[in-house]
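First the structure, in the form of C-alpha cells, and then the observations on it.
Read the figures in this text as sums done on the coordinates, not as results from a lab. Note that the structure is predicted; figures quoted are calculated from it, not measured. We place every Cβ from the backbone using ideal geometry, glycine too, and count neighbours over all the protein chains shown.
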Amino acid sequence: MSAIAISSKYVGGRRDVKNIPAVIHPSVHPFSSDMFNSMSDTEEFRVLDLKQKKQTPFRRKFKKQDVMPPRTTMMPVDQDWGNVWPGPRTFHPAVVPLPVRQGYNEKDAPPGKFGNAELMKIPNFLHLTPPVVTSDYCHSSPDIRNPLARIVTIKVKLGRLPLNKHARDKILRLVGERYNPENDVLTIMTDRCPLRQQNLDYAHYLLTALFHESWKIEPWESEKSEADMEYYDWEASASRKSVMRLLSWSPDQDAVQISADFILSDLTEYKEAISKIMNEGEEEYTLNRYKEEVKKLLSLQDVSSTE
Amino acid sequence: MVYNFFKNLTSEATLRGISSVLHKQRLFCTAAQASQILATNEKHITSFRTAESNPLKHNFDHAYRFYTIPVEVKNQLFQHGGLPKYFNEQAKAFMETCVMVRDPALEILHYLKTADYSRPAIRYVIYGESGCGKSITLAHILHYGLTAGFLLIHVPWVPNWMRVCKEVSNSATREGYVDLNLDAAEWLIHFKNQNAALLNNIDLRVSKEYAWSKREKTEEGVPLLELVEHGINRVKYASECVVALVKEIKLHSTQGRCKTLVVIDGFNAFFHPRTRVVTAEKIQVPPSKITLTEAFIEITKYDWCNGAVILTVDKTGVADDRRESFLPIYQLGKEGFEHLDPFVPISVREYSEKELESCLDYYVDRRWLQNEKSFTEEGRKELKYLCGMNPRRLMHVCAPL
C-alpha cells in the first residue's frame, strides 16, 4: 500500500484517489531525469517507487546455541558427591540433582532451581556433606579450617583413676573447678598450641602430671590445719574438744572424770548433726537437727513431753 | 480509815456479784483504764489477755495472750534499756507494758525450769528475722529471772558499745586493750538497778583482793555491791570492775551461793572483726581488744554452773558484710560458734495467725486501731498482708490507723 505504481498511460490521467498519497515528497518528484532514461530501455513501464523501501542494515540473526541437558539427568545414583561438589561454590542448578525451590511467587509455587538468583545468593553447604566432613569445625568460607578447631577437651571419670584418699583430695584441689562432683567427671581443656594434635598431646601430659603429682606427699602437707580441710572433720575440730571438756566438767576440779569412750558412744548423732551443718550449710532443717542433738547432749526435756 | 473503807467497798462489791470483773481489773490494769475495761466483755478480754502477770506460772495455756509487766518491775529491769525504742514508746502510749506470751519464750522458760543446774551453764541462742520479737522474748525471760530469784547479768544491746561508745581510753593494766569507761559505768548502774534488792538479801562477798592503784583497792570479803559502787564512782576502773564482778559472780554461782541468768542482746557483735571504736591514734579496735568483751566472753563460757546464758544474735547488730542470713552459726562466725558450741538454738518467727489476731484485738482494745475497717475481716486481712506477719512491721503499719 505504501508503494504506488504509476504507469505512463496514466500520466496526466485521473488520479487514483485511493492509492496516491495526498502529499508527494519533493525528493521523489515524478518527473526526475533518470525516470525518463530507464523508460527507453524496457518495454514495460517502470514502477515509480514513490516511497522507497528503507534499506534495513544487515543484522545477524541470533541463533540459540545448543545446550547440553543438565548434568543431573546423567548422574548415577551412587556417585561420589564429594567429587561432584568438592569445595565451596555458588549454587548451580545443573549440578545439584535436587528439586530445590527458593523464592516467592504470588499464586504459584516457589520458583524452581533453574535461573534462580535467590538460590545463588544464599551460602550453601553442599561441600560439607557428612561423608566429606571429618573435622569438627567447618564453615562456608574459602578456608574450611576454623581456628577454634585446635581446642581439645578430654573428660575423665575420676572414679576410674586409681587414687587413694590423699591423692584424690590433692587432685581435687589441683584441678579446682574443672571437676564436676555431680557426675564425678574431670574435664581438661587445652587451647594453647596452634594445632589440634599438639593440644591433645598437651592434655595427655597434663593428666599424667596431675595424676603423679597427686600421689606425691610433700613435706609441707603435714602442716594442714583445720581451715585447710576439704570437709568438716569433727574428730579434729574445736567443737569436739569443747564438748568433751563440757561433758567432763564438774564444779569440783577433782571429781570423777567421765571416760572418753563412754562419752564418744553417745556422741555419734551429735557429730553427724554438726558435720551436716558444716558441710551442707546452715539452714532451718540442719539447725533443728543440731538443736535436738544438743538437747539430748545436755539432757534437756522436750517441751511436748510435759504437755 | 481509808484502807478500811476500800476493804468494805470491795466486800460489798462481792455481794453484788461483780467481784470477778473488778478483781480482774485490779490485776491487770492501771486505774486509768478502769472504766474502759469494765465496759468490755470479760470473755472477750480473756481471748487476748491473761491476768497471769507472774512469768513463773506462764505455760502453754497462756500462749498468744498478752500479760502486763508491772510498772515497778519495768522500772527495775528496763530503766537503762532493754526494750526496743518503738515498743517502749508504744507502751508509754498504752500506759502499760504488755508482752505477748509466745512459744520461744515459753520454750526457754520450760528449759530453765527443768534444766539440771549442777551441770555447766547451758547457752541458748535466740535467732530470727529482725522485728520478730527477739528482744521482747528476752524481756519476758528477764522478768522470769527476776521473779525466780536469779542474779541478772543483762546487756541491753551490745552493738551500742561497738558503735556509739561514749568514751575510749587505753587500758592502764592491759597492754593493747581499750576501756569504754562511761559505758562500763553505765552498765554497772544498770546491774545495780536490776540486782540491788537481791544482793541485799543474799550475802555475796568478794573472794580476793583487787588492787586498782597504789592507794585504791577492794579488800577481800567486802560485799559485792561495794565492788559495783567502786566502779560507778571511779569510772577509770569501771571496765576492770566489770571483769572482776563477772568473775566473782561466776565463782559464787559455781559454788552454789546464787543462781545467775545471763541475758545478752546482740551477742554476735562481740565476734564481728570490725567496730566503730577508734583510739586516739585513729586505729580501729577489734572487739577482742575491748576490756568489756572479755567479761562477757568469760561469763558465756561453759565452765560454771547454777546459771543459764540466753543470747540473741541479730543481723542488725553487725556491719553490712554479715547480714546475708540471720541464722546463728553464720552470725556468730567461726570463732563465736566455737566459743558457744554446743548451744541450743531457739528460733523466733513471725506471728502466727492466732498471734496476729490476738495482737490486733489488743490494739483495738487499747483504742490504738480506731479505723472502723480494722474490725472487719477484710481490714484485718489487709493489715496481715501489709505487715507480712512481722510484729514490728505490724506495729508500724497500725500506728497511723
Cleavage-rule hits (GluC sites (Glu not before Pro)) in segment B:70-168: DSSP loop, at most 16 neighbouring Cβ within 10 angstrom: B:Glu167
Shape call, segment B:104-347: gyration tensor on alpha carbons, a/c limit 1.5: oblate
Dipole moment magnitude, nearest 20 debye, segment B:44-123 about Cα centre, only Lys, Arg, Asp, Glu C-beta charged: 140
Dimensions in Å of segment B:38-158 - Rg and Dmax from alpha carbons: 14.8, 51
On Cα atoms only, tilt of B:238-254 relative to the major axis of chain B in degrees: 70
Kirkwood Rh, Cα atoms: Rg over Rh of segment A:72-129: 1.00
Angle between chain B longest axis and helix B:2-16 axis [Cα atoms, degrees, rounded to 10]: 50
Contact order relative to length of segment B:104-347, as percent, for alpha carbon pairs under 8 angstrom and 6 or more apart: 32
Folded to 0 to 90 degrees: helix B:103-114 orientation relative to chain B principal axis, Cα: 60
Diffusion constant of segment B:254-354 at 10 °C, which comes from Stokes-Einstein with the Kirkwood Cα-pair radius and 1.306 mPa s, µm²/s: 105
Cα convex hull volume per residue for segment B:196-262 (Å³): 84
Test item: A:76-86 mean partner chain Cβ contacts at 10 Å: 0
Within chain B, helix-based [θ] at 222 nm, where runs of 4 or more DSSP H residues each add -39,500 (n - 2.57), nearest 500: -14500 deg cm²/dmol
Surface/4 of the Cα convex hull for segment B:195-325, nm²: 9.8
